[in-house]
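This report refers to the structure that appears directly beneath it.
The values are calculated or read from the model by the stated rules, or taken from the named source; none is laboratory data. Here the structure is a predicted model, which is why all the values come from computation and not from measurement. When we count neighbours, we look across all protein chains shown, and the Cβ atoms used for this are built from the backbone with ideal geometry, even at glycine.
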Amino acid sequence: MKKFLKALLCCCLLAGCSSASRTSAAASAAAETPVRAMWFSWVEYRDLMQGLSAQQFEEKTGQIVQDMASVGTNEIYLHASAFTDAFYDSRIYPRSTWAADTSYDPLALFLKAAHAAGMKVNAWVNPMRSYTLEEASSQASGLIQQWIQENSEKIRPVDGRYYLNPAYADVRELIVSIPLEIVRSYDVDGIILDDYFYPDKTAYNFDSYAWSQKNAEQEISQEDFRRENVNTLVREMHDALKKENPDLTFGISPAGNLDYDVNTVFADPAAWIKEGTIDYLAPQLYWGFDHPTKPFEDTLKQWEDLTAGTDVKLIPALAAYKCGVADTWAQDAANEWIDKDDILGRQIAMVLQRQKAGYSLYNYESLFAPDDGVRENVDKEIVNIKLALGLQ
């Protein structure tokens, strides 16, 4: 009898080990699954989601999620705040113009549909971009309205639009409060920022007073001062989010041109990597293979070199919006996206073969609600995306 019990105990232990091993293997496989993300922006809210009842909105989001799933999507980068506004029930920012007439919560309904389909959702926030001068008179509220009325350096107009100035601690606190509000109220899987840091025509007087105060303490160029402000904002956001939930992912989608990032909008991806303040980078590699100055493969290699040997994942953003459209800045290669209908498929295959973390496609509307003039090209690109993923 004792021998029997010992044998039985051994079998149970082995079964338990086998089960644990399977669970561990499944978890490991899930962790290694490449990100196949798709962006859903304020533009889609404007073009596709206007005037819908709650039931219609739920039905529409269900269809959108199905469309995304058909090309292998497993994550959505979903706009939650585009212009110091909100596509959710916020106590800080007013509801977006494109969701102002809804009694329901767009973010909550999108999350419900996405999670039901097994997709993750990263809430997408624009950090510094705010209202146009015309919009501000009727839409700005709270601190933003106060700073505009005071003509404060904390928010400045550039080319007809206001931008928040991260040189000030209370401005950074406001910016950070938005992703914090989202993760405290919604079951999102992460937060992603894009490339709207300083505007690309930032004048000397945008932050000249704050810079002069800093320069009095420590000699620093205005350009380095701005980069330091962005780095501080990123660090503070990272630390606040990780304190709230260490399992959240925090990523940034900078422009694909590193020189533009560092010297025009004063975003410094190398500094974020060095400081460990991001989990992933999704650089906007919105060029074809034949682009004369930023060919896709060479530019991808530049970002691979930047992230190599670090814990920061590289998840390039690819230009679905260019399918069938002339690339006016590509000179002799302007018709590449018209003449070829396999660019996205080839880019996806290259990315997954080389660094395996994943990719994202910008954007949903370009693939599933394109203009009639590019429909044929887009349909062929979708076939090639599926082929690259082994779905066809």
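Data table
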{"read-out": "Scan of region 139-185 for residues that are at pLDDT 95 or above, touching a Pro at 6+ places or on another chain (Cβ under 6 Å) and surrounded by fewer than 19 Cβ atoms within 10 Å (Cβ to Cβ), ordered by number", "value": "Val158"}
{"read-out": "Gly118 being in contact (Cβ under 8 Å) with a residue 12 or more places away in the chain and not in a helix (DSSP H, G or I)", "value": "yes"}
{"read-out": "Inter-residue pairs, beta-carbon under 8 Å, first in contact (Cβ under 8 Å) with a residue 40 or more places away in the chain and in region 320-336, second surrounded by fewer than 14 Cβ atoms within 10 Å (Cβ to Cβ) and in a loop (DSSP other than H, G, I, E, B), 6+ apart", "value": "Ala330/Pro292; Asp332/Pro292; Ala333/Pro292"}
{"read-out": "Flag for Tyr209 being assigned to a helix (DSSP H, G or I) and aromatic (Phe, Trp, Tyr)", "value": "yes"}
{"read-out": "Extreme residue, surrounded by the most Cβ atoms within 10 Å (Cβ to Cβ), among residues of region 190-204 that are out of contact with any helix residue (DSSP H, G or I) (no Cβ under 9 Å at 6 or more places or on another chain) and not hydroxyl-bearing (Ser, Thr, Tyr)", "value": "Ile192"}
{"read-out": "Yes/no for Asp207 being surrounded by fewer than 14 Cβ atoms within 10 Å (Cβ to Cβ), touching a Lys or Arg at 6+ places or on another chain (Cβ under 8 Å), without any contact (Cβ under 8 Å) to a residue 60 or more places away in the chain and not aliphatic (A, V, I, L, M)", "value": "no"}
{"read-out": "Scope region 44-92; condition assigned to a loop (DSSP other than H, G, I, E, B) and of a type in the set (D, E, K, R); matching residues", "value": "Asp85, Asp89, Arg91"}
{"read-out": "Residue within region 347-359 that is modelled with pLDDT of 95 or more, in contact with a helix residue (DSSP H, G or I) (Cβ under 9 Å, 6 or more places away or on another chain), surrounded by fewer than 18 Cβ atoms within 10 Å (Cβ to Cβ) and of a type in the set (Ser, Thr, Tyr) present", "value": "no"}
{"read-out": "Residue selected from region 114-131 under the condition touching a Pro at 6+ places or on another chain (Cβ under 9 Å) and closer than 23 Å to Asp200 by Cβ, by the criterion surrounded by the fewest Cβ atoms within 10 Å (Cβ to Cβ)", "value": "Arg129"}
{"read-out": "Some residue of region 301-318 being surrounded by fewer than 20 Cβ atoms within 10 Å (Cβ to Cβ), farther than 18 Å from Gly251 by Cα and hydroxyl-bearing (Ser, Thr, Tyr)", "value": "no"}
{"read-out": "Top-ranked residue in region 210-252 [being polar (S, T, N, Q) and closer than 18 Å to Leu174 by Cα; ranked as surrounded by the fewest Cβ atoms within 10 Å (Cβ to Cβ)]", "value": "Thr232"}
{"read-out": "Subset of region 76-116 (residues that are charged (D, E, K, R) and under 18 Å from the mean Cα position of the chain (by Cα))", "value": "Asp85"}
{"read-out": "One residue from Trp329, Trp337 being more than 24 Å from Ile252 (Cα to Cα) and modelled with pLDDT under 95", "value": "Trp329"}
{"read-out": "Close pairs (9 angstrom Cβ cut-off, 6 or more residues apart or separate chains): within 19 Å of Val35 (Cα to Cα) and at pLDDT 95 or above in region 288-312, in a loop (DSSP other than H, G, I, E, B) and charged (D, E, K, R) anywhere", "value": "Asp311/Asp279; Val312/Asp279"}
{"read-out": "Of all residues in region 342-379 being among the small types (Gly, Ala, Ser) and over 18 Å from the mean Cα position of the chain (by Cα), the one that is nearest to Thr310 (Cα to Cα)", "value": "Ala349"}
